[in-house]
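To start, the structure itself, in structure tokens.
The values are calculated or read from the model by the stated rules, or taken from the named source; none is laboratory data. All figures in this text were calculated on a predicted structure; none of them were measured in a lab. Cβ sites come from the backbone with ideal geometry, for glycine too, and all protein chains shown count toward neighbours.
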Amino acid sequence: MAVRSASLMKDAVAVFDRLDVQHPNAWTELHFTNPYELLAATILAAQCTDARVNQVTPALFKKYPAPAQLARADVAQLETMIHPTGFFRVKAKSLIGMANAVVDEHGGEVPSDMDALVALSGVGRKTANVVRGHAFNLPGFPVDRHVLRVATRIGLVSAKAGEDAVKAETRLMALLPPDRWTRASDTLILHGRRICKPKPLCDRCSIWTSCAYYRRQ
């Protein structure tokens, strides 16, 4: 079993090495300057493109530059500002709830601890991992729909595991050393957006020789 696990890790590392070449310097496409901005932007990014979020956040962060200001936001004004991101009523409630908790429970500073992050309003493991990996440089493997789709197609996670983001996260983390987790997630996300779309562009893919989906075609 140990030999098989070592072989799987070696294969996975080779796959991500090639993805690194195809998507150099992969990083979140959300614009931020501090953990608070990234946390708010990631909450807004649910069911919305990063590009659209980046159009909204400059004005948002100018009006609410820190959790203390966001916690006191007028709900109607906040909803109007974030309306383009969709689900604006739910997101406004999450943003204000998050800000209040950060102020009341963490002295106005976004926590880096996973349990503390997921306890905040509107924050799940994916959002927490995005913040931990990009704002705090802590190991984490954010799993979104692109990661699930690409990792399942390649064969890094089983179709059954791919239905559960937490199981997929655990499986993917086991395939790579911690210092590669965040970058690996970013490369899978970019690959899913640019190449391995719902209708994949296999002729442009750098890892087609290792792809279970391609071999079945």
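Residues in the stretch 145-196 that are of a type in the set (D, E) and at pLDDT 95 or above were compared, and the one that is surrounded by the fewest Cβ atoms within 10 Å (Cβ to Cβ) is D179. Of all residue pairs spaced 6 or more apart or on separate chains, those with beta-carbon atoms under 6 Å, a first member in the stretch 105-125 that is at positive phi and a second member that is among the hydroxyl-bearing types (S, T, Y) are G122/S94.
Checked against (1) within 19 Å of A92 (Cβ to Cβ); (2) in the same structural domain as C211 (by TED's automatic domain parsing), L19 passes all but condition (1).
From the residues in the stretch 8-27 that are closer than 15 Å to D179 by Cβ and not in a loop (DSSP other than H, G, I, E, B), which one is farthest from the chain's Cα centre (by Cα)? Here the answer is M9. Confirm whether H146 is farther than 21 Å from P200 by Cα and touching a residue at least 12 places away in the same chain (Cβ under 8 Å). Here the answer is no, as H146 does not meet what is asked. Do you know which of the residues in the stretch 51-97 that are farther than 16 Å from L120 by Cβ and in contact (Cβ under 8 Å) with a residue 40 or more places away in the chain is surrounded by the fewest Cβ atoms within 10 Å (Cβ to Cβ)? My answer is F87. Can you tell me how many residues within the stretch 111-137 are hydrophobic (A, V, I, L, M, F, W, C) and under 21 Å from D50 (Cβ atoms)? Selection size over the stretch 111-137: 8.
Taking first residues from the stretch 190-217 that are small (G, A, S) and part of a loop (DSSP other than H, G, I, E, B) and partners that are surrounded by 20 or more Cβ atoms within 10 Å (Cβ to Cβ) and at pLDDT 95 or above, the Cβ contacts under 7 Å between residues at least 6 apart in sequence or on separate chains come to S206/L19. Of all residues in the stretch 30-49, those that are surrounded by fewer than 17 Cβ atoms within 10 Å (Cβ to Cβ) and in contact with a Leu (Cβ under 8 Å, 6 or more places away or on another chain) total 0.
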